[in-house]
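Encoded as structure tokens, the structure appears first; notes follow it.
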Amino acid sequence: MKHQINEIIQIQSGIYAKPAINGDVLYLLARHLREDGSVDPLVRPNLVLPDAGRKNLLQDGDVIFVAKGTNNRAVTYHSGFGPMVASSSLLVFRIKSEWTSSVLSDYLIWFFNHPDTQQKLKREAKGTALPSISIQTLHQLQIDIPSLDNQNQIITISRLRAKETQLILELDQLKEKSIQQRLLQATHK
């Protein structure tokens, strides 16, 4: 059964703030997010967040979505990343309380990063120099919510496929390096 995405998640914009040299919270920018869904380990807390701003801290399971630019990927926030707030170029998706026992945040990641969803979002993006996906566009998305078992299977297969792709790339790089070394050695004979 299809559901409007806004039935399932609450969408909020990240905040605009001025980073500081010595902060206690990471002000998360799109460039801090790596392709594998992790946060660049070299970035350090760079924002002093007043008590009033603590309501903007990311929570375990929040989905962070890059709404501006051409690489509109989604990643899951885990507390192991440390305290963070999302910048204004990011959107934060939080599963509504009535859906937390029915929807896994990693399933949402799979859904938002799926090529079909990405294609829909790119068609709806506004702007040419810096395309942007609006909250209204996201609200209109339809999503199937399978059983938790099926969600877990989808997540597992998706992760295994990503790992396979990474290993194939690494293998190709090693083959290329080996061939180039052999060719170089052949020049010394």
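The values are calculated or read from the model by the stated rules, or taken from the named source; none is laboratory data. Fair warning: this is a prediction, and the values are worked out from it, not measured in the lab. Positions of Cβ are generated from backbone atoms using ideal geometry, with glycine treated the same way; all protein chains shown enter the neighbour counts.
Out of Leu121, Leu130, Leu138, Leu108, one residue alone is loosely packed, with under 14 Cβ neighbours inside 10 Å and under 21 Å from Ala30 (Cα atoms). It is Leu130. A single member of Asn72, Asn152, Asn56, Asn46 is assigned by TED's automatic domain parsing to the domain that holds Ile15 and farther than 30 Å from Asn22 by Cβ, and it is Asn72. Only one entry of Leu26, Leu58 meets the criterion of being free of Cβ contacts under 8 Å to residues at least 60 places away in the same chain, touching a Lys or Arg at 6+ places or on another chain (Cβ under 8 Å) and at negative phi, and that entry is Leu26.
Among the numbered conditions (1) surrounded by 16 or more Cβ atoms within 10 Å (Cβ to Cβ); (2) out of contact with any His (no Cβ under 9 Å at 6 or more places or on another chain), the only one that Ile143 does not meet is (2).
Of the residues making up the stretch 72-102, just one is under 12 Å from Ile9 (Cβ atoms), in contact with a helix residue (DSSP H, G or I) (Cβ under 6 Å, 6 or more places away or on another chain) and crowded, with 18+ Cβ neighbours inside 10 Å, namely Ala74. Filtering the stretch 12-31 to residues that are within 21 Å of the chain's Cα centre (by Cα) and more than 16 Å from Asn56 (Cβ to Cβ) leaves Ala30, Arg31. Checking the stretch 166-179 against the condition returns no match, with no residue being surrounded by 13 or more Cβ atoms within 10 Å (Cβ to Cβ) and polar (S, T, N, Q).
Only one entry of Ser89, Ser101, Ser38 meets the criterion of being hydroxyl-bearing (Ser, Thr, Tyr), within 14 Å of the chain's Cα centre (by Cα) and over 20 Å from Leu138 (Cα atoms), and that entry is Ser38.
Restricting attention to the stretch 101-135 and to residues that are in contact with a Pro (Cβ under 9 Å, 6 or more places away or on another chain) and over 24 Å from Gln151 (Cα atoms), the residue that is modelled with the lowest pLDDT turns out to be Ala125. So for the stretch 82-96 (the condition being free of Cβ contacts under 8 Å to residues at least 24 places away in the same chain and over 30 Å from Glu124 (Cβ atoms)), does at least one residue qualify? Checked the stretch 82-96: no residue is free of Cβ contacts under 8 Å to residues at least 24 places away in the same chain and over 30 Å from Glu124 (Cβ atoms).
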